[in-house]
Amino acid sequence: MIRKRSGINRRGRSSIWQKCCNFRTLKQIHAYMIVNGFNSNVRYIRELIFTSAMEFVSTIEYAHHVFAHIDEPDIFMWNTMIRASAQSSNPVKAIALYAQMDNQSIKPDSFTFPFVLKACTKLLWVKTGTAVHGRVVKFGFLSNPSVRNTLIFFHANCGDLKIANALFDDHAKTDVVPWSALSTAYAKRGDLSLARQLFDEMPVRDLVSWNVMITAYAKQGEMESAKKLFDEVPKRDVVTWNAMIAGYVLCGSHEQAMELFEEMRKVGERPDEVTMLSLLSACAELGDLDIGQNTHSYIREMFSEDLSTLLGNALIDMYSKCGSIEKALEVFRGMRDKDVTSWNSVIGGLAFNGHAEETIDMYREMKRTTIRPNEITFVGVLAACSHAGKVDEGYRYFDHMRSERKIEPNIKHYGCMVDMLARAGLLKEAFDFIESMNIEPNAVIWRTLLGACRVHGHVELAKLANEKLLGMRKDESGDYVLLSNVYASRGEWVGAEKVRKLMDEGGVKKNPGYSVVEADDRALMHYLFDSKPKSRSRSQT
């Protein structure tokens, strides 16, 4: 709308600006303006502000610098800067510019408020947005459709739903935007019935409306409802496909996600980075290296060798979970831009696959970079020390994490330490360590100790660990089986029988074919390295 109002658009702009295709050219044109005395020409200043603020993502700071040196910017320039700032990664600047306008008694127009309200919505600044609502009323813009719709969107997403509904009057109901805003709000707040009611009542449904409902059902795991809408939508885009694929991955239907991807390709819809991230997550959970490699090949076709950091990290995670740490390292070494997640992914992958020495070497290499390790980094390092039996080194890294890196240990770090001590047979030391923890130990930690007691035949500590577990949960058959096996390993059949009797009295049924040792080891590794909770997996013997 701003472009139309000011006469600035691709076709109507000066030929010199049409040739501006990068930051370097932009600065050259700006220099030309200064040298030739055009830096006071309102039209050229407008075009400079618009191009630097809106055309290139990387030049928004340059736009702010130029804007700060304009003596009397007009309302178009203010709106352009507020709009660009609201769309940027730092929408706070949009609010700051609006406050600056207000302080200078510059009257906003109907284009100003939608951009400011969008910034408030992105920031979830309810009080500020509500104050802006007051200014909308004061300046008489409440009847403006664009302003009213943005107010509905703001209140629906982070403000007061009652106000959003009050604004949703007969005038607003003629526009699809507020319908979508309200249905999205109800869906986000978990009220799918009201969201669906609004969707069904819409006089006209655009693709955004369809995508909102499909995404809402998918996020709630209601894939049948999502699929029904997916089949009914008149025209799909990549967002529609991504919502379904991500939904299948989220609820563990990884094969269906892969099948839908193949269908997506057959109909000619081009996947994007979001699609590939969902697929890589599915490959990781399936543990299917062949599918993972095929997906990687497709990513290479789409993005050449210039992988984004997000895709690179997802590939490292996928290859690690599929057991191909060599491929994970190959991706890691080939990444141009690495972040802390990149390092954590490869450190965790090495630890997960039993490469303890390489894990510690990778951490030492990370320390030589400018990227700071975080709490996830040390989970991988401590797990590596545990698997390699490096007790002294594990203690050193645990202390290093707290004293030098100023990272307070969480339950996973404590779990690594208990696992390390338990694997080394230092069961009494492991028990004392648990007792000295600054946070409450969870069932995983006590289960780790109980499993070690089974391996080393330590009956007394097994009984103590089992008592702690029964205080937290009484329906997990594996806890009883472990204690029973501890008694059996020492030939104390009376004790083993008492445990079996306790199970019967509590109505606890043993799961058939349950391999305690293997399941506990894999469960611990998944617990340490997975960021999202998953259903408990059991290994069949």
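The values are calculated or read from the model by the stated rules, or taken from the named source; none is laboratory data. Quantities reported herein were computed from a predicted structural model and do not represent experimental measurements. Positions of Cβ are backbone-derived with ideal geometry, glycine not excepted, and every protein chain shown enters the neighbour counts.
A few notes on this one:
- Evaluation of SER345 against (1) over 21 Å from PRO373 (Cβ atoms); (2) crowded, with 21+ Cβ neighbours inside 10 Å; (3) within 19 Å of the chain's Cα centre (by Cα) (one fails), failing number: (1)
- In region 75-97, residue surrounded by the most Cβ atoms within 10 Å (Cβ to Cβ) [restricted to those that are part of a loop (DSSP other than H, G, I, E, B) and in contact with a helix residue (DSSP H, G or I) (Cβ under 7 Å, 6 or more places away or on another chain)]: PRO91
- Number of the exception - GLU393 against (1) closer than 21 Å to ALA328 by Cα; (2) touching a helix residue (DSSP H, G or I) at 6+ places or on another chain (Cβ under 8 Å); (3) surrounded by fewer than 22 Cβ atoms within 10 Å (Cβ to Cβ): (1)
- Scanning region 285-300 for residues that are closer than 23 Å to GLY252 by Cα and either modelled with pLDDT of 95 or more or not in a loop (DSSP other than H, G, I, E, B) (or both) gives GLU285, LEU286, LEU289, ASP290, ILE291, GLY292, GLN293, ASN294, THR295, HIS296, TYR298, ILE299.
- Flag for ILE407 being buried (at least 24 other Cβ atoms within 10 Å of the Cβ) and β-branched (Val, Ile, Thr): no
- Region 301-356 holds helices (runs of 4 or more DSSP H) entirely within its bounds, and those carrying 1 or more residues that are at pLDDT below 95 and not assigned by TED's automatic domain parsing to the domain that holds ARG368 map to 309-321, 325-334.
- Hits in region 244-269 (condition: charged (D, E, K, R) and within 23 Å of the chain's Cα centre (by Cα)): GLU255
- Condition broken by ILE371, with the remaining ones in (1) of a type in the set (A, V, I, L, M, F, W, C); (2) assigned to a helix (DSSP H, G or I); (3) out of contact with any Gly (no Cβ under 6 Å at 6 or more places or on another chain) satisfied: (2)
- Hits in region 53-67 (condition: hydroxyl-bearing (Ser, Thr, Tyr) and either under 15 Å from ALA86 (Cα atoms) or modelled with pLDDT of 90 or more (or both)): SER58, THR59
- Hits in region 128-166 - residues which are surrounded by fewer than 15 Cβ atoms within 10 Å (Cβ to Cβ) and among the aliphatic types (A, V, I, L, M): ALA131, VAL137, LEU142, ALA166
- Scanning region 26-74 for residues that are among the small types (Gly, Ala, Ser) and not in a helix (DSSP H, G or I) yields GLY37, SER40.
Let's see how each residue does on (1) surrounded by 18 or more Cβ atoms within 10 Å (Cβ to Cβ); (2) modelled with pLDDT of 95 or more; (3) out of contact with any Cys (no Cβ under 9 Å at 6 or more places or on another chain):
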site	(1), (2), (3)
TYR217	yes, no, yes
GLN220	no, no, yes
TRP241	yes, yes, yes
ALA246	yes, yes, yes
GLU255	no, no, yes
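- Pairing residues of region 63-78 that are free of Cβ contacts under 8 Å to residues at least 40 places away in the same chain with residues that are outside any helix (DSSP H, G or I) and of a type in the set (Lys, Arg), at Cβ distances under 9 Å and at least 6 apart in sequence or on separate chains, gives ILE75/LYS107.
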